[in-house]
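> Got a structure for you, written out below as structure tokens; questions coming shortly.
Taken together, the values in this text are just the output of simple stated rules run on the coordinates, not laboratory data. Being a predicted model, the structure only gives us computed values, none of them experimental. We place every Cβ from the backbone using ideal geometry, glycine too, and count neighbours over all the protein chains shown.
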Amino acid sequence: MSEKKEIIRIENLRREFIVGGEKVKALRGVSFTIREGEFVTIMGTSGSGKSTLLNLLGCLDTPTSGEYLLDGMSVQSMSKNRRAMTRNRKIGFVFQNYNLLPKTTAIENVELPLLYNPEVNAAERRKRAIDALNAVGLGERLNHKSNQMSGGQQQRVAIARALVNDPVIILADEATGNLDTRTSFSILMLFQELHAKGRTIIFVTHNPELAEYSSRNIVLRDGKIISDTINESPASAREAFENLPKDND
Ligand SMILES: Nc1ncnc2c1ncn2[C@@H]1O[C@H](COP(=O)(O)OP(=O)(O)O)[C@@H](O)[C@H]1O
Ligand SMILES: [Mg+2]
């Protein structure tokens, strides 16, 4: 097997916060490389540093020290503007609370990241948004507003929005955290489908059961990696979904 392209490389990443005059070490030297096509779950109990790490990987925050290469580019050496542009073009985010614009249609929510892209005109923007919504199974709900959709549908819109710029990586923070078991598995199925199509995904969760569905699992504890394992044969989320009881009583 030939070595795939490196999407993310971090070396000895540290992040400290000063709270009430005391130093909180959220990340204490974290290193790994993620290659194209990996589906990585990052686990750990609450407070282990998962969100801090994801915010650094997503260029939403900067480390106290350490190196970060995204798609071969040094994130530290970028200007603030350049970093914001890189974030918009190279990263798709999916959050626990969906972060959709309220009272706004699915299609408008998905078009949003493209508004900052001068290379894409209005017609192309619309086409790409429709394609992305079709890809997440929402082709019939293009003009539904966020408040008219279920949690699972809203998360699909958020995933379509994350895909629309064709990012090099998708970063998800507790993406199934607010969803019931059945809906969680349907979203997990979607992530597995995206992975099968070659997408690179980092999926942060506190739920250890989800490790068997990804191709690699990294566990954090107290700001350090305590294990990093490859899963040669991930379980099928579709199978798990189909074996769930149909009603929850
Ligand atoms: N902005 C912040 N200011 C101060 N402390 C923070 C901040 N963000 C995270 N922390 C602290 O860093 C540690 C790791 O937090 P976090 O990354 O949110 O963990 P997780 O997502 O695994 O629950 C915790 O002790 C948390 O209180
Ligand atoms: Mg968190």
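> When the chain is modelled as a GNM with alpha-carbon springs shorter than 10 Å, which of 200, 105, 33 fluctuates the most?
Greatest mean-square fluctuation among the candidates belongs to 33.
> Related question: When the chain is fully extended, how far beyond the present Cα-Cα distance does residue 196 get from residue 24, taking 0.36 nm per residue of separation?
Result: 58.0 nm gained on full extension.
> Another question, then. Take every Cα pair under 8 Å in region 184-249 that's 6+ residues apart, average their separations, divide by the length, and report that relative contact order as a whole percent.
34 percent
> Taking the beta-carbon count within 10 Å as an exposure proxy, list 219, 24 from fewest neighbours to most.
So the ranking, lowest neighbour count to highest, is 24, 219.
> Once the convex hull of the C-alpha atoms of region 91-199 is built, how many Å³ does it hold per residue, rounded to a whole number?
It is 93 Å³ per residue.
> Ok, one more. Suppose the chain between residue 11 and residue 79 were pulled fully straight at 0.36 nm per residue; how much longer would it get relative to their current alpha carbon spacing?
Full extension from residue 11 to residue 79 adds 22.5 nm.
> Another question, then. Please compute the length gained on full extension between residue 119 and residue 101, using 0.36 nm multiplied by the number of residues separating them and subtracting their Cα-Cα distance.
Gain on stretching residue 119 to residue 101: 4.1 nm.
> Suppose every K and R has +1 on its Cβ and every D and E has -1 on its Cβ; what is the size of the dipole of the chain about the Cα centre, in Debye to the nearest 20?
That gives the chain a dipole magnitude of about 820 debye.
> To make sure I understand, if each residue's beta carbon is the centre and we count other beta carbons within 10 Å, what order do 116, 68 fall in, fewest to most?
116, 68
> Just want the answer: with Cβ charges of +1 for Lys and Arg and -1 for Asp and Glu, which residue in 34, 101, 214 is farthest toward the dipole's positive end in the chain?
It is 101.
> While we're looking at this one, here's another question. Which peptide among 221-233, 46-58 comes first, and what is the full order, when sorted by highest mean count of other Cβ atoms within 10 Å?
The packing order, highest mean first, is 46-58, 221-233.
> Next up: List 166, 173 from most exposed to least, where exposure is judged by having the fewest other Cβ atoms within 10 Å.
Fewest-to-most Cβ neighbours within 10 Å comes out as 166, 173.
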